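Reading through the structure tokens given below for one structure.
The values are calculated or read from the model by the stated rules, or taken from the named source; none is laboratory data. Everything quoted here is computed from the prediction, not taken from an experiment. Every residue, glycine among them, receives a Cβ derived from its backbone with ideal geometry; neighbour counts consider all protein chains shown. All accessible areas refer to the heavy atoms of the entire protein, side chains included, with ligands and DNA or RNA removed. Shrake-Rupley method; radii C 1.70, N 1.55, O 1.52, S 1.80 Å.
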Amino acid sequence: MAGSPQEQHSSEKTQVVVKTQYGEQTIKQEERVDGDASSRLSVSSGANDTEKGNGFQEPFVKSKAEKKLVRKIAFTLIPVVAWILMLQFADKAALSVSAVLGIYEDIDSLTGSQFSWLGSMFFIGHLAVQPINNIMLQKVPVGRYLGINIFLWGIVMLGTGYCQNFAQLMAMRFFLGFFEGTAMPSVYLIVNTLFRRSEQTTYYGVVTMASGWGSIFAGFVAFGISEMGHQRGIYMWRWNHIIFGAMTILLGIICVFFLVDNPKSWLLRLTEEEQHIADERTKDNAVVRHKKIKWDQMIESVKEVRYWCICLAVMGLNMQNGALQVFSAQFIRELGDFTPGESILLKVPAGTSSFLGVVFATFVARRTKQICFTGAFMSTISLIGCIILAVVEQGPAKLAGFYIAWWLTGAYSLLITTIGSNVSGYSKKIFYNGSFVVFYTLGNFIGPLMMIENQAPRYTGAMIGFCIGNGVAIVAYLLMRFIMARENKKRLANPPEEATDVTLDLTDKQDRNFIYRL
């Protein structure tokens, strides 16, 4: 690359010439924002360069070939991933609608406290699988591994429909959580691998939106089941598990053979030109698969303040997520004199609110290029919803607070984006993703247990706890931004002279070319 690093990082507008495999390009440096994700560059020829590497470059103009490749990846991957996340949400949330589909009448002596434990047991299984999952993601093909686990949790869903007592339900909920616990880290790793850092805010948003779609889809299916009654002498809650179990088994088989999990998958049918572009995109992502587990990268992670900010924020946000999921239909019915079908239908706006929260967060973060500030803002909106639930005794305002509280998903989705965009090193990224799911699980485990039966219908203690959780998330976002912005200024003030070799599998701390997205 022509020109010294100092010239390339000048705050004034300058012209530099960049040599790439596509030929020489004239690049005009337009803007410098201290602590921003990277320097803003406009490329006159339309060819691309990488966000990482010498000059901290970010592609603002993609070639037509790369745009075509991105569309091909999205159209091949996203529909399958969306169905995975939709059914994952629908399967784990099947318990919540069981409360109004006859589980209390069908299972003798099932109490409200036992129902809470059924909600929490799922997340114990979720937690138990994470150490195994972290190793497996480094050792085996992700797509086939995930497909097998989806198939297995479909079997568990079918089995749940045949349970006759509390002990059997507890066992099935544990295994459902165990196999479902592999899904999110696998999907996050696939998105990390296939999309540029500048694209990941959008696609992580889509991944999180799929849970909202799952809530809406599951709500309509459950409403249909509530209208058909106890067909063939089988209780409605059992039909709900049987139907979703069969759908999940079919999806698992599809994923084993047709889930794209690497940039050069045969499913993408890459041309020679697209293979070269895929190599360039891999340099940008800094995600190159390594089968050797690097324990030093994990140790580096736990020493970072940013790591603990993400872990505490995801736990704080997901306490209310777990509680509202498990108790949603029951909670809504307690707000008024609703039939089982009406209680289920009133859950649908909650899924819509969750979906809109992610859309809004993704749009604002992309337009402002401020992930952390947007995440703090979304946590504040979620906090307002929890305050309403804690203060208002009953009526439409309380229902509105319930829907507003679901905007936590916008804040949650940006935590995932922060990991995808700001963590490099294959073992480190897997460890961050795994830890994210561990603390997600802890939050979801704690949340239902905070819904104490004798505090119904206000559950004041739980709502106060959820307010504190949102407050922790706000502080964590702001602290992360401060830490990353400070490091960006240091790196921009003293830039490296050479580009980074992505095959070295350096962490974001080791790679001085790496600029954090704020």
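Modelled label-to-label distance, residue 453 and residue 140, 7 Å Cα→beta-carbon offset: nm?
Each label point is offset 7 Å from its Cα along the Cβ direction, giving 4.0 nm.
Please list, in order, the residues from segment 378-396 whose amide nitrogen is less than 11 Å from a point placed 7 Å along the Cα→Cβ vector of residue 460.
390-393
At a 1.4 Å probe, what is the % contribution of carbon and sulfur to the accessible area of segment 344-464?
Percent of accessible area from carbon and sulfur atoms in segment 344-464: 73.
Cα gyration tensor of segment 396-452, axes a ≥ b ≥ c as square roots of the eigenvalues: rounded (a/c below 1.5), prolate (a/b > b/c) or oblate?
Since a/c reaches 1.5 but b/c is at least a/b, the shape of segment 396-452 is classed as oblate.
Tell me the label-point distance for the pair residue 165, residue 113, using the 7 Å Cα-to-Cβ offset, in nm and rounded to one decimal.
1.9 nm
Segment 479-518 to segment 377-444: how many Å between their Cα centroids?
If we compute the Cα centre of each part, the gap is 27 Å.
May I ask for the net charge around residue 168, where only other residues with Cβ less than 14 Å from the Cβ of residue 168 are counted and Lys, Arg are +1 while Asp, Glu are -1? Could the numbers behind the result be given before it?
Numbers: positive: 173, 238; negative: 106, 108.
In short, 0.
Given the pairs 303/347; 92/429; 92/139; 398/429, which are separated by over 30 angstrom at their Cα positions? Spell out each step's value before the answer.
On the way: 303/347 41 Å; 92/429 26 Å; 92/139 27 Å; 398/429 40 Å.
The pairs that break the limit, which is 30 Å between Cα atoms, are 303/347; 398/429.
Sort 217-227, 201-211 by the packing proxy (mean of other Cβ within 10 Å over each peptide's residues), most packed first.
201-211, 217-227
Carbon and sulfur atoms: what percent of the 1.4 Å accessible area of segment 118-266 do they account for?
With neighbouring chains kept in place, the figure for segment 118-266 is 74 percent.
Would you mind estimating how fast segment 342-426 diffuses translationally, via Stokes-Einstein at 20 °C and 1.002 mPa s with the Kirkwood radius over Cα pairs, in µm²/s?
158 µm²/s
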